[in-house]
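Notes follow the structure.
The values are calculated or read from the model by the stated rules, or taken from the named source; none is laboratory data. Just so it is clear, the structure is predicted and the values come from calculations on it, not from any experiment. Positions of Cβ are generated from backbone atoms using ideal geometry, with glycine treated the same way; all protein chains shown enter the neighbour counts. What goes into the accessible areas is simple: the full protein's heavy atoms, side chains included, and nothing from ligands, DNA or RNA. Shrake-Rupley method; radii C 1.70, N 1.55, O 1.52, S 1.80 Å.
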Amino acid sequence: MEQAMTGLMDLTYRKAKPPELPYEFATRWPIPVDDDEVLQARIMSDPVILASGYSVDQSYHNYQKQHSPRTNTITDHSSPHTLSIPNHLLHDMISAWCLDHWDLSPPITPDEGSVPMDSTEKHIERILEKFSGNYASQIEALNQIQELSKTTKGVQPCLAKFPDLIPVLINLRKKYKSSWTRDLEEARLTVILNLTLHRQNREILAGRSELPGALKIIAQKAYSLGRPASSLAKVASVVAILSEFCVFRKRMLDTGGMKMLRDMLKMKDTVVITEAATAILALCTDYESKLSAQVYNVPEMLLKCHLFTDEILRLLDCVPRSPYVFKKICNQALQLVNIIMADHAFGPVTSKGIHSAISLVYDIVERDVGKMKVLKNMEDFKERLRQLSSDRMPMQTMFQVESIISTLSEVFPATTV
């Protein structure tokens, strides 16, 4: 009891040790990891995806471009170019982690940009009054809500206190459709996305019956506004976040959300494809939703993307496959083996993606083992599988590894010199 009370008092007076920051969320700047006071400074504030597929903080990437313009900031190898794109998904994950650990992290003083609760409530009330005015005042209100939700890290405004904000955001374009612009749509989506960072807001948003249809319309209209990639990525991100709630998933599927996300996979944009795949995976929680993904040819579209991430590999593994899709997967046997063989300590594919790749290879070996003859390093591949099986993995994956090794050893026996 004394230890429990001591821990409670430490937590109350912020003496407890801050939570351990996931490595993927940390900036590359050399900040001491043992200093509890620098936890916030160590978190990536603006993650971007490099040409190599790795993610780093934008400020660190800019610094590296100035000092080593032809060197990859992670691998130290030569890089063909230094272009980068925003990693919206990682940014959302980092923001959600910060909110979940808000009570344990160092307190933020008003000088650091926080907004007192009382003044925030009054400020929001004034903003809502502007929404009832003319076009100019509504745009000003939208921009103010965007800035407020950004500076308060999504904690405020809370939709439980200001429920009128949701229909205002949803119907704003309908009222001023003739003068609606891409920048205004970006601002509205940013507000909605920032609101989803707080769980209480997520629950309220997920319960709004009109939101799935509104997101679908936003996605459809994004093409007519020009340069739709950013808007589509944000729509997919909202769907992925709110799909933790069953009622939202069902409404999203009923309103044609699967087709909407499938169409996003046709975009020649890595971020949009990644966000759309993440959203589809979040929707596919039961057999009916997975069957919907098959009906809308999601696996076929994923294979046409020529991109393998955790989400894409897991979707290819869990969604029912037609004979045509299975044939296409068989043609990717060498690529799947390369994914399993590679060291993904810092890459875009984690252990979950590798387990899905193993499952896909297992299906190939079981149904058409002849496709594996393209491997020139068969013994190295089997050794890699043995190495992976020594680590922690699901029981089903372990059985698949044993079966793959056994079948390959029987069909392609090792040659003796």
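So here's what we get for this one:
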item: Residue among Arg392, Arg384 that alone is modelled with pLDDT of 90 or more and open to solvent by 20 Å² or more (accessible area, probe 1.4 Å); result: Arg384
item: Some residue of region 210-220 being of a type in the set (D, E, K, R), open to solvent by 50 Å² or more (accessible area, probe 1.4 Å), touching a Gly at 6+ places or on another chain (Cβ under 7 Å) and touching a residue at least 12 places away in the same chain (Cβ under 8 Å); result: yes
item: Residue check for Val247: open to solvent by 10 Å² or more (accessible area, probe 1.4 Å) and closer than 13 Å to Glu311 by Cβ; result: no
item: Verdict on Leu215 being under 19 Å from the mean Cα position of the chain (by Cα), farther than 22 Å from Leu316 by Cα, at pLDDT 90 or above and not acidic (Asp, Glu); result: yes
item: Single unsatisfied condition, Cys330 versus (1) more than 24 Å from Ser55 (Cβ to Cβ); (2) free of Cβ contacts under 8 Å to residues at least 40 places away in the same chain; result: (2)
item: Scope region 250-260; condition surrounded by fewer than 20 Cβ atoms within 10 Å (Cβ to Cβ) and assigned to a helix (DSSP H, G or I); matching residues; result: Lys250, Leu253, Asp254, Lys259
